[in-house]
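This report refers to the structure that appears directly beneath it.
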Amino acid sequence: MNDINKFYILLPLAILFLFPSTTLAKQISFLVIDADTCLVNKAIKGLRLPDNIKVRFFTYHDITSDSSAREFIDASEVIICDVMQGELGRYLIEDVNIRSKDIYAVRGSRNDEALKRQGIIFDPDIQEYFSNLCVANIQNLICRVAHKELDSSIAYEEARKLPRLGIYHAGADAVFTSLEEYLHWYGNRKEYIKDAPWIGMMLFSSSLVEGQKEKVDYLIKTLEDEGFNVVPAFGRDFDILTSLFMDKNQQARVDLVLAFSLKFYSALNDDVRRALINLNVPVFNAINLYSNTIDEWRGDPTGIPPMDVVWTVANPEISGLIESSALTGKVRQLDQETGKVLFVHRPIKENIELLIPRLKMWVQLKKKENKNKRVAILYYNHGQGKQNVGASYLNVFKSLELILQRMKKRGYRVAMDKDLSEDAIKDLVLKYGRNIGSWAPGELDKMLEGKKAIRLPVKTYQKWFSGLPGDFRKNVIKQWGEAEGSTIMIKNGEFIIPAVILGNVLIMPEPARGWGDDPVKLYHDPTLYPHHQYIAAYLWLKHVFHADAMIHLGTHATHEWLPGKQAGLSPSCPPEVLITDIPNIYPYIVDDVGEGIQAKRRGRGVIIDHLIPAVREAGLYHEYSQLYDMINSYNRAVSLGSRTAGGKLGKIEDLVTDMGLLNDLGITEFDDSVLEEIEHYLLEIRENLMPYGMHTFGISPGGEALQDMVKAISKRNSQANE
């Protein structure tokens, strides 16, 4: 072998010996959700690994938008992945040769078994680090994986165990593990207010790591500045509710709860359901925006994306959480040293400012004596006129009678010249409590003669209007013009608000939404802003009547169908503008779930379901019953070979024609082949359910109506008797 050949053989060996970090370079990719970028970034920057081991982290956005990220992942020997974000798991399976790599899952997914079959490792020891999020544990997680898969000389420490249940406060040096300890510490602070309401916060422990806890600190301080004492707790939902928010006698230690958790566990869990029932205080659904940044949410007409709604809004609703509010979210932040985009969490200050007065009103509603509470009851008079007061399958006037009588017995100040009877209430409503179209000025004059309607000077309204969000005012004026030019329910420079004041209780129609030839089609119009008189009526409830609560009686209002975001509303969304800070109690028919959801999510409605009317099977009557019998008679004649069959068929044709059934069923030619279709149609009618009139709120069905309803339910539900 000549010297030149020896040189080329020895050269690679020399390079390998002299530059091992170059020739034996190893790569670890850490795939994380946006919320953990700040923490993981700090952990990686502080790592002390051999020079030949490179660690980088990526979000799903990095992967889909940056080819260098995908190249680094493809070249990595080891991947650590938070498969809780489904997109990350799918990316690994569909776009990465995972059989050639060691992949560790740091959390669970929707389908761990499927990921395990693909070779992804679910190591409890590795996951323990991620279950106790802090910089040191992330660093030791990476070191332990590197020790196991790349270099056994790399040292690591066991996971530091953080408290599973505790109370956090920025002003304390450590986490409290019992409420008694916390209350002792809290009572010695200058911020403590004796006899002030206590608000419990339910937090995910992950919200208290670096890059996230600043939003929690801001919310705690703001609540304290506004006169609340605060218990910010983290841990399992059930443990927080029972160990920290209730005493040993299962009495509530807090007046309200603001729940950032209660998103994955719900009242479908028996323990959680019992705990919430025993706690028996309002629980508000506090939302941390997940997919969108705060700025993206502000500009998005949808608000919270539909997939996020499932767990941030819908699941908490099962537990009875109310008033879903987006209070915190993520913002982009650039790490100047690494160039990486990080996501830190910040408060949505405008929404917190909107919610706090509502929290105060709920506390006030709980503590104020009934005799001093002022309550507005709104009913529906959608199409202006005397005949259009109503709600879906609800006897409005009889329900008002019972509600007012019950309120009077409970100490509310309900004043009325006449007896609180259905007829008396109906008389007052039809005279003084209905919307009047601009095409009937004589009717408005007649109402004003009774001197019961509310007259609100346009100038007073303009002062209120000027304090509303700018975007809202701009759209109202664009569509309806200036207030002084309004033509709806206005007289001599005053808005007319039809209402009947009965002491501390007011009954009034919700303002009409649509005007013109076809107002009904405007009820759900997602672009039409409320007109000035509509706005004036709601603002009057706040500024003049000083309502402690409002009741939207029956299905359904138009308030929750006004323009704005679909979920996670902002202060400039019309439903938020008009509801102000008044608690909204909403009796709603139990079978209209879809529209009831709108009332919850967009109208801040606390839904009180009411029954549908009692029902019975409709049966067949008159000519329908006669026709059914004639078809049965014909079928018997045919089966017996009777010569009368032809005559019977002719009589059936005559009756069917007279009834117009051929047109109804789209039958162009009559013969015995269409009898089966006609018979099925009659059977469908017979099996349909027919209501026993209207339901009265607060009265359960009885007697024959109850028996028929039970029979109908049992017949259609095989599990009804279990």
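The values are calculated or read from the model by the stated rules, or taken from the named source; none is laboratory data. Small disclaimer: the values here were computed from a predicted structure and weren't measured. A quick note on method: Cβ atoms are made from the backbone with ideal geometry, for glycine too, and the neighbour counts reach across all protein chains shown.
Things worth noting here:
- Given (1) among the polar types (S, T, N, Q); (2) over 49 Å from the mean Cα position of the chain (by Cα); (3) modelled with pLDDT of 85 or more, number of the condition GLN598 does not satisfy: (2)
- Of all residues in the stretch 166-205, those that are in a helix (DSSP H, G or I) and either in contact (Cβ under 8 Å) with a residue 60 or more places away in the chain or surrounded by fewer than 13 Cβ atoms within 10 Å (Cβ to Cβ) (or both) total 5.
- Tabulated pairs, the stretch 272-293, first over 20 Å from ARG358 (Cα atoms) and not assigned by TED's automatic domain parsing to the domain that holds ASP34, second hydroxyl-bearing (Ser, Thr, Tyr) and in a strand (DSSP E or B), C-beta under 8 angstrom, 6+ apart or interchain: LEU289/THR328
- Single residue of the stretch 317-358 satisfying the filter (aliphatic (A, V, I, L, M) and part of a strand (DSSP E or B)) that is farthest from PRO305 (Cα to Cα): LEU334
- In the stretch 658-677, the qualifying residues are those that are under 16 Å from ASN632 (Cβ atoms) and in contact with a Phe, Trp or Tyr (Cβ under 9 Å, 6 or more places away or on another chain), and the one that is surrounded by the fewest Cβ atoms within 10 Å (Cβ to Cβ) is ASP672.
- Odd one out for LEU150, checked against (1) in contact with a Gly (Cβ under 8 Å, 6 or more places away or on another chain); (2) touching a residue at least 40 places away in the same chain (Cβ under 8 Å); (3) farther than 17 Å from ASP82 by Cα: (1)
- Odd one out for ASN372, checked against (1) in contact with a strand residue (DSSP E or B) (Cβ under 7 Å, 6 or more places away or on another chain); (2) modelled with pLDDT of 95 or more; (3) not charged (D, E, K, R): (1)
- Within the span defined as the stretch 461-476, one or more residues are under 25 Å from LEU578 (Cβ atoms), in contact with a strand residue (DSSP E or B) (Cβ under 8 Å, 6 or more places away or on another chain), crowded, with 20+ Cβ neighbours inside 10 Å and in the same structural domain as ALA547 (by TED's automatic domain parsing).
One line per residue, one yes/no per condition, for (1) among the small types (Gly, Ala, Ser); (2) at pLDDT 95 or above; (3) more than 28 Å from the chain's Cα centre (by Cα):
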| residue | (1), (2), (3) |
| --- | --- |
| PHE343 | no, no, no |
| MET361 | no, yes, no |
| ASN381 | no, no, no |
| MET416 | no, no, yes |
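- Residues of the stretch 206-228 satisfying the condition of being at negative phi and not in a helix (DSSP H, G or I): VAL209, GLU210, GLN212, GLU226, PHE228
- Residue in the stretch 391-398 that is under 25 Å from the mean Cα position of the chain (by Cα) and either crowded, with 16+ Cβ neighbours inside 10 Å or farther than 27 Å from ALA267 by Cβ (or both) present: yes
- Matching entry among VAL78, VAL55 (being modelled with pLDDT of 95 or more, surrounded by 19 or more Cβ atoms within 10 Å (Cβ to Cβ) and farther than 14 Å from ILE103 by Cβ): VAL55
- Selection from the stretch 253-302 of residues that are of a type in the set (Phe, Trp, Tyr), surrounded by fewer than 20 Cβ atoms within 10 Å (Cβ to Cβ) and in a strand (DSSP E or B): TYR290
- Within the stretch 318-333, the only residue that satisfies the criterion of being modelled with pLDDT of 95 or more and under 18 Å from ASN269 (Cβ atoms) is LEU321.
- Test: residue in the stretch 123-146 that is within 23 Å of ASP237 (Cβ to Cβ), of a type in the set (Lys, Arg) and either surrounded by fewer than 19 Cβ atoms within 10 Å (Cβ to Cβ) or touching an Asp or Glu at 6+ places or on another chain (Cβ under 9 Å) (or both): no
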